[in-house]
Amino acid sequence: MRGPFLRGLSMAAALWWLFSLTACAGPSAQGSAASAPQEAQIEEADAPGPLVVVGMSEITNVYAEAMGAALGTDVELVQTSNETDERMIADFAAGRASYDVLELFSGMGVYYSADGFVDKGFYADITDVEGVREAVQAMLPVLQAHVSRDGRCFALPTELRTKTLSFDGALYEAWQTGSLDTYGREHFTVVTDADARLLDEMEKRPYDTWQELMGAFSNDGFRLLHVSGDAIASALLEQYVLGMDEEGFSFDTEGFVSVLELKKACFSETETGALDGTAPPLRVDFNSFSTYFIDRSVSPPTAVRERNREVFAPPTVDEKGRLAASVTELAVNAFSTRKKAAFRFLSAAADVGLNGRPDYDPVLHGAMRYGSLYSAACYADNAHLVEVVGEEPEAQARWLALTERLAVPSSAGFLTAFHNEIFPMYLDGAIDAAQCAALTQQRYEMYRMEQGG
């Protein structure tokens with residue numbers, strides 16, 4: 001997935017700046033694409049040629065196969081890259097479409113914020129597309145709000161990611177029953193004395209602050225950071241910027257200085273020293289849900305879900321207690337000349353997400369019944385919850401309570417610039433944390449001016 005990874009700005013940043021100045025003129029010149037009647041658009045004949053879908057996740061292939069099997073539609077899948085992003089932005093500004101269906105990412109690590117595309121009118125209204133309304137209504141409330149405006153739907157969430165505390169319940173049980181050797185053989189790992197000591201120290205519970213969580217591990221949190229340092233560093237910034245669009249928000253604060261210091265500790269600890277042990281009881285990672293393996297001791301072989309990891313909400317630096325989420329979404333380009341085919345593609349995607357892939361085979365697909373575990377995480381019903389966190393009512397309730405606190409960061413373009421340009425100076429020692437915070441605020445104010453804010 002492109003979102004969690006930083007990509008260079010260069011030409012893309014320049015195009016985004018130009019796009020921000022011209023965006024309002026594009027859709028408004030033809031009447032807001034977001035509010036145009038979709039019935040008229042559906043009745044128009046599609047232009048010749050294949051449906052062009054740009055994306056990066058593997059599940060776009062699942063949707064294409066489902067659509068092709070049902071309708072025989074020719075689909076051309078284009079791999080997301082800097083080049084495709086630049087072309088998409090330029091197309092939006094010019095009111096044209098090189099790509100009919102867009103798989104986009106709302107969250108950290110991209111130079112644009114896909115969340116703003118709805119309000120700029122670049123997504124077609126898909127409310128009345130077959131199956132879309134039903135799928136979105138079955139999703140978590142945070143996702144419904146994310147893609148809807150005034151009761152109308154403009155994108156289909158296909159994957160949800162958030163950072164969680166993920167405890168290895170099987171490891172704890174093996175420790176309590178004296179069967180660590182058996183655990184090691186089953187999980188292809190080695191449980192060392194250091195791991196066993198951590199099991200004695202580490203309580204399976206939420207932690208109020210990141211400092212408390214790190215302090216619960218031996219050696220001042222070194223082991224946790226070595227395994228999960230990148231995820232913690234990312235979570236800290238994601239959580240802090242949830243208030244970015246609120247009045248009075250600033251990076252030049254003691255709170256952000258503290259975030260910077262914790263982020264730097266994450267990077268320094270993960271890059272130095274040797275890790276003593278390979279089976280940590282806790283990880284901080286994206287979702288960290290179920291895992292599957294193929295049980296070949298029975299005939300025919302079956303996919304068996306390994307014990308679900310015990311998921312808890314992580315600490316947060318957000319003053320309102322929110323947790324950051326990232327969303328992968330499918331949208332129909334408002335300027336597409338193949339909307340009928342594009343709507344059918346989203347209909348197929350909605351059916352897979354809500355009801356499961358039509359060709360599902362537990363041996364072949366395991367956890368991919370609904371596309372991926374991240375896809376199942378979008379929904380609130382029991383069938384999807386079982387895939388995500390298992391059948392235990394307590395685990396399901398804990399996960400649903402966590403999702404009530406989710407929010408999607410905006411202004412992702414600026415955050416990528418922060419990672420590429422500003423934070424490295426602090427990591428290298430060229431500036432201290434207070435100077436980094438002040439410089440970040442200065443750049444943020446410039447960014448807001450460029451965006452017309």
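The figures follow:
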read-out: Residues (farther than 27 Å from Asp100 by Cα and either without any contact (Cβ under 8 Å) to a residue 60 or more places away in the chain or basic (Lys, Arg) (or both)) located in segment 140-172; value: Lys163
read-out: Residue check for Phe414: within 18 Å of the chain's Cα centre (by Cα), among the aromatic types (Phe, Trp, Tyr) and either at pLDDT 95 or above or part of a helix (DSSP H, G or I) (or both); value: yes
read-out: Evaluation of Glu186 against (1) buried (at least 21 other Cβ atoms within 10 Å of the Cβ); (2) out of contact with any Gly (no Cβ under 6 Å at 6 or more places or on another chain); (3) charged (D, E, K, R) (one fails), failing number; value: (1)
read-out: Residue check for Glu212: touching a Lys or Arg at 6+ places or on another chain (Cβ under 9 Å) and surrounded by fewer than 17 Cβ atoms within 10 Å (Cβ to Cβ); value: no
read-out: Per-region count, segment 417-432, residues of a type outside the set (Val, Ile, Thr) and closer than 18 Å to Ser234 by Cβ; value: 9
read-out: Residues within segment 210-227 that are part of a helix (DSSP H, G or I) and modelled with pLDDT under 80, tallied; value: 12
read-out: Test: residue in segment 235-252 that is surrounded by 14 or more Cβ atoms within 10 Å (Cβ to Cβ), closer than 25 Å to Tyr172 by Cβ, modelled with pLDDT under 85 and under 27 Å from the mean Cα position of the chain (by Cα); value: no
read-out: Pairs with Cβ under 8 Å, 6+ apart, first in segment 378-395 and in a loop (DSSP other than H, G, I, E, B), second polar (S, T, N, Q); value: Cys378/Thr158; Ala380/Thr403; Gly390/Ser290; Gly390/Asn308; Gly390/Gln396; Glu392/Asn308
read-out: Only listed residue being under 30 Å from Ile59 (Cβ atoms), surrounded by 14 or more Cβ atoms within 10 Å (Cβ to Cβ) and of a type in the set (A, V, I, L, M), chosen from Ala145, Ala170; value: Ala170
read-out: Segments classed as helices (runs of 4 or more DSSP H), wholly inside segment 41-148, with at least 2 members that are in contact with a Gly (Cβ under 8 Å, 6 or more places away or on another chain), modelled with pLDDT under 90 and among the aliphatic types (A, V, I, L, M); value: 59-71
read-out: Count of segment 72-85 residues which are surrounded by 19 or more Cβ atoms within 10 Å (Cβ to Cβ) and among the acidic types (Asp, Glu); value: 1
read-out: Those residues of segment 323-377 which are of a type outside the set (D, E, K, R), part of a strand (DSSP E or B) and under 20 Å from the mean Cα position of the chain (by Cα), in sequence order; value: Leu323, Ala324, Ala325, Ser326, Val327, Thr328, Leu330, Ala331, Val332
read-out: Residue within segment 291-308 that is out of contact with any strand residue (DSSP E or B) (no Cβ under 8 Å at 6 or more places or on another chain), at pLDDT below 75, charged (D, E, K, R) and at negative phi present; value: yes
read-out: Residues that are over 30 Å from Thr164 (Cβ atoms), in contact with an Asp or Glu (Cβ under 7 Å, 6 or more places away or on another chain) and not small (Gly, Ala, Ser), drawn from segment 340-362; value: Lys340
read-out: Condition check for Leu171: within 30 Å of Phe418 (Cβ to Cβ) and at pLDDT 80 or above; value: no
read-out: Candidate set: segment 430-445, residues that are of a type in the set (A, V, I, L, M) and free of Cβ contacts under 8 Å to residues at least 40 places away in the same chain; chosen: the one surrounded by the most Cβ atoms within 10 Å (Cβ to Cβ); value: Leu439
read-out: Count of segment 165-197 residues which are farther than 24 Å from Ala395 by Cα and among the aromatic types (Phe, Trp, Tyr); value: 1
read-out: Among the candidates Tyr370, Tyr379, Tyr374, residue that is at pLDDT 90 or above, of a type outside the set (Asp, Glu), in contact with a Lys or Arg (Cβ under 7 Å, 6 or more places away or on another chain) and buried (at least 21 other Cβ atoms within 10 Å of the Cβ); value: Tyr374
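The values are calculated or read from the model by the stated rules, or taken from the named source; none is laboratory data. Everything numeric here is computed off the predicted structure, so don't read it as measured data. Every residue, glycine among them, receives a Cβ derived from its backbone with ideal geometry; neighbour counts consider all protein chains shown.
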